[in-house]
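**Student:** Dumping the structure here so I can ask a few things about it.
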Amino acid sequence: MDRFTFLVTKYSKGIVIVTFALSILCALGATMVPVNYDLASYLPESSESTQALNVMDAEFDAEVPNVRVMIEDVSLEDAVAYKKALASAPGVSSVMWLDDVSDLSIPLGAQDQSYLDSYFKDGNALYNVTVESGKETEAAAAIYEIIGESGHADGEAISTAETQSMAVSEVLNAFAILIPLILLLLVLSTESWMEPVFFLLAIGISILFNMGTNIFIGEVSHIAFTISPILQLAVSLDYAVFLLHAFQRARRDYPDSATAMRQAMRESFSAIAASAATTTFGFAALGFMQFRIGADLGITLVKGIIFSFLCVMIFLPAFTLVAYKLVDKTKHRPMMPSFKTVGKYLAPLRAPMLVIVCLIALPCFLAQSHVNFTYGMGSTDAHTRSTIDSEAINEVYGTSTPLVVLVPRGDVGNEVALTDILEADPNIDSVMSYPSTVGNGIPVGFLDPVITDQFYSNNYARIVAYANTPNEGPAAFGLVERMRASIFDVYGDGGYVAGEPASLYDMREVTAVDSSVTNIIAVVSILIVLILTFRSVLLPIILLATIEFAIFINLSTPYFTGDSLNYLGFLVINTVQLGATVDYAILFTDTYLRHRREAPVKEALYRTCGTSFKSILVSACILSLAGFVLWVTSSNGIISILGLLLFRGTLLSFLMVMTFLPGALWLLDKPIEKTTWHASFYHPQD
């Protein structure tokens with residue numbers, strides 16, 4: 001450690017120059033990292049919907065229809081012209097309309113009414129459009145240009161394009177709101193106008209390193225792209241605060257700035273390392289999810305914490321030595337109270353909070369698993385064009401969700417049987433298969449390949465069913481189960497179902513297992529860190545229980561309010577809240593143990609509340625502000641709910657650490673002493 005600190009202080013100017021140069025390169029690299037907006041692509045290869053998509057990609061040129069386009073008040077001739085225009089739009093691989101299932105030379109009055117009402121109703125033409133994966137943005141722009149303001153478009157590809165267009169602007173908006181708020185909070189809690197700038201500079205550079213090095217991963221999910229820089233800033237800002245405050249204390253004893261910095265680095269290293277370790281292990285648990293977006297997010301967050309730790313322990317000391325005189329010249333009086341007497345206000349809450357938490361812990365634990373979960377991206381903004389267009393299309397045609405069935409080619413009788421079963425399902429409005437659309441009496445070789453290629457590849461037959469259910473929920477998932485069972489009854493194991501409901505169904509099945517796995521890994525790994533940190537058996541259990549109780553309350557709230565909760569948010573916040581806020585319990589307990597060696601338990605708790613309240617408050621405010629900003633600025637349902645959970649969870653963790661934890665330490669003082677190595681607690685008779 002001495003050698004390390006000596007090198008950092010000796011070569012401080014060189015470190016600063018190299019760091020700034022690398023940060024510029026990483027900033028450029030960050031702009032070249034592809035962002036993946038398809039959650040289904042993170043499902044394991046073993047899931048049925050993934051296998052279905054792989055088969056369809058290999059066998060058919062066209063993917064699952066993923067956009068509905070409606071043109072109002074249009075003639076039959078103009079509707080055909082619109083179809084041709086849509087089919088030629090960049091990124092559009094196919095368009096299905098009435099002329100694919102009916103002969104338009106036959107008068108409309110003589111047409112099959114079920115087909116007619118599915119594509120041309122009350123003068124409104126509805127097209128089922130397939131947009132190629134990865135080309136959603138250009139396809140959406142082309143579709144909007146063709147249909148104009150009076151046309152309507154909705155569907156998975158439109159939502160993806162909308163999310164892509166908003167992602168970067170929403171991240172920038174979030175930072176534009178969050179950074180001034182954090183600066184204000186840091187200015188109030190420090191004694192220099194420049195100190196907060198140093199904090200943000202160090203963590204800002206570490207964020208650039210993290211985002212730039214994502215280029216070596218290949219791509220990141222839009223979830224990681226949006227939340228990882230904000231979480232990294234909020235979680236690791238404390239590291240910079242610990243170091244600079246230790247430096248200011250060391251300067252009182254060591255006039256030489258380099259010597260003072262070396263002392264500060266030695267003094268703060270263990271605290272920063274322990275804090276980074278618990279957060280890292282909490283985030284790393286996400287990597288063990290079968291749903292591979294957990295690994296994507298976990299790797300990005302872990303990498304961010306490591307870069308933050310390195311920047312705080314290498315760049316920040318070097319930069320501070322180069323520019324610390326700016327801190328000295330911008331000193332100001334403390335603007336935030338010291339909170340030294342806060343203990344007398346918190347003390348009366350110890351016993352009631354112990355009782356309340358013990359009474360509600362089990363009900364909250366049970367309630368969190370009975371929340372109404374959702375699995376798709378969703379949207380929090382009811383005023384986006386896709387949301388308004390979806391309402392307009394649903395008003396005329398109702399909800400329509402495409403599902404593609406792939407079965408082995410060769411047995412027309414089985415195709416007819418399966419088509420009949422699907423058409424009889426109350427949640428399916430229409431089915432397009434070769435027998436139902438063209439007729440099983442017409443040989444495939446008699447028709448143009450443009451028509452037959454929609455239904456047959458060399459090995460598979462494709463059937464498209466349009467469901468009247470939403471993309472997810474009991475009705476949609478029940479339909480997926482029935483369709484898979486029907487395929488098995490007719491074809492055995494040879495068939496597949498593809499489409500967003502099938503992907504979300506598999507997502508539900510996979511994430512149900514992931515929840516318990518990630519929780520166990522996070523809890524066990526953090527427990528080990530706490531045991532090594534405090535050399536105690538009972539203290540780590542108390543600290544984990546404090547934060548876990550806060551998590552139970554946080555995640556059970558939607559159950560008691562009757563709201564739904566995105567399951568990915570549920571999974572991630574379990575580990576994020578634990579890894580990020582257990583630091584508050586560590587700081588409080590570490591301070592308490594020092595005071596407990598000098599005073600009785602009640603006096604030690606009184607002093608601990610006074611000396612740790614401000615630091616924990618500032619840290620909790622920063623993290624909760626980050627969650628609040630994500631909640632109010634994101635139009636993406638997953639990111640928004642993650643923000644809400646982080647905002648509420650951080651405040652609950654803060655409340656638990658400042659009220660329940662003191663009560664637990666007071667109640668279990670004697671068992672803690674007996675199960676802690678070299679506790680050396682103060683006793684009056686000593």
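**Student:** Go through 75, 468, 566 and say which Cα lies farthest out towards the positive end of the charge dipole of the chain; charges sit on Cβ, +1 for Lys and Arg, -1 for Asp and Glu.
**Tutor:** Looking along the dipole axis, the top candidate is 566.
**Student:** Summing Lys, Arg as +1 and Asp, Glu as -1, what charge do residues with Cβ under 10 Å from the Cβ of residue 471 carry, residue 471 excluded?
**Tutor:** Summing Lys/Arg as +1 and Asp/Glu as -1 gives -3.
**Student:** Report the gain in length on full extension from residue 668 to residue 193: 0.36 nm times residue separation, minus Cα-Cα distance, nm rounded to one decimal.
**Tutor:** Result: 166.7 nm gained on full extension.
**Student:** Calculate, for residue 168 and residue 345, the FRET efficiency according to 1/(1 + (r/R0)^6) with r their C-beta to C-beta distance and R0 41 Å; round to the nearest 0.05.
**Tutor:** Efficiency, rounded to the nearest 0.05: 0.35.
**Student:** With a point put 7 Å past each Cα toward its Cβ, work out how far residue 482 is from residue 266 in nm, to one decimal.
**Tutor:** Taking the simple label geometry, residue 482 and residue 266 are separated by 7.4 nm.
**Student:** Averaging sequence separations of C-alpha pairs under 8 Å and six or more residues apart, then dividing by the length of the chain, give the relative contact order as a whole percent.
**Tutor:** 19 percent
**Student:** In nm, to one decimal, how far is the residue 310 label point from the residue 685 one, both placed 7 Å along Cα→Cβ?
**Tutor:** Placing both labels 7 Å along Cα→Cβ, they lie 5.5 nm apart.
**Student:** To the nearest µm²/s, what D does Stokes-Einstein give for the chain at 37 °C and 0.692 mPa s, using the Kirkwood radius over alpha carbon pairs as Rh?
**Tutor:** 117 µm²/s
**Student:** If amide hydrogens are placed 1.01 Å from N in the peptide plane, which non-local residues have theirs closer than 5 Å to the one on residue 36?
**Tutor:** The list, which skips near neighbours in sequence, is 220, 221, 222.
**Student:** How much net charge surrounds residue 669 when only other residues with a Cβ under 14 Å from its Cβ are counted (Lys, Arg +1; Asp, Glu -1)?
**Tutor:** Charge balance in the 14 Å sphere: +4.
**Student:** For residue 32 and residue 141, what does the FRET efficiency come to when R0 = 25 Å and r is the distance between their Cβ atoms, rounded to the nearest 0.05?
**Tutor:** 0.70
**Student:** When the accessible area of the stretch 501-630 is computed with all protein chains present and a 1.4 Å probe, what percentage of it is carbon and sulfur?
**Tutor:** Percent of accessible area from carbon and sulfur atoms in the stretch 501-630: 66.
**Student:** Okay, moving on. From the backbone phi of the stretch 318-331, what are the Karplus-calculated ³J(HN,Hα) couplings (6.51 cos²θ - 1.76 cosθ + 1.60, θ = phi - 60°) in whole Hz, Gly and Pro given as x?
**Tutor:** 5, 5, 4, 5, 6, 10, 5, 5, 5, 5, 4, 6, 10, 5
**Student:** Mind giving me the nanometre distance, one decimal, between the label points for residue 370 and residue 532, set 7 Å out from Cα along Cα→Cβ?
**Tutor:** 4.1 nm
**Student:** Could you give the length gained on full extension between residue 561 and residue 516, defined as 0.36 nm per residue of separation minus the Cα-Cα distance, in nm?
**Tutor:** Answer, rounded to one decimal: 13.8 nm.
**Student:** Reachable aspartates and glutamates from residue 331, Cα under 17 Å, same-chain residues fewer than 8 places away excluded?
**Tutor:** 191, 195
**Student:** Still on this structure, please answer the following. Holding the Cα-Cα limit at 22 Å, pick out from 344/614; 614/674; 13/614; 84/121; 344/602 the pairs that are longer than that.
**Tutor:** In this structure, 614/674; 13/614 exceed 22 Å between Cα atoms.
**Student:** First measure r as the distance between the Cβ atoms of residue 149 and residue 541, then evaluate 1/(1 + (r/R0)^6) with R0 = 60 Å and state the FRET efficiency to the nearest 0.05.
**Tutor:** After rounding, the FRET efficiency stands at 0.45.
**Student:** At 0.36 nm per residue, minus the direct Cα-Cα distance, what do residue 177 and residue 249 gain on full extension? Give it in nm, one decimal, please.
**Tutor:** So the extension gain works out to 22.7 nm.
**Student:** What's the magnitude of the charge dipole for the chain around its Cα centre, counting Lys and Arg as +1 and Asp and Glu as -1 at the beta-carbon? Answer in Debye, nearest 20.
**Tutor:** 5900 debye
The values are calculated or read from the model by the stated rules, or taken from the named source; none is laboratory data. Keep in mind the model is a prediction, meaning the values are calculated, not measured. As a convention, Cβ positions derive from the backbone with ideal geometry for all residues, glycine included, and neighbour counts pool all protein chains shown. In case anyone asks, the SASA skips ligands and DNA or RNA and just uses the protein heavy atoms, side chains included. Shrake-Rupley method; radii C 1.70, N 1.55, O 1.52, S 1.80 Å.
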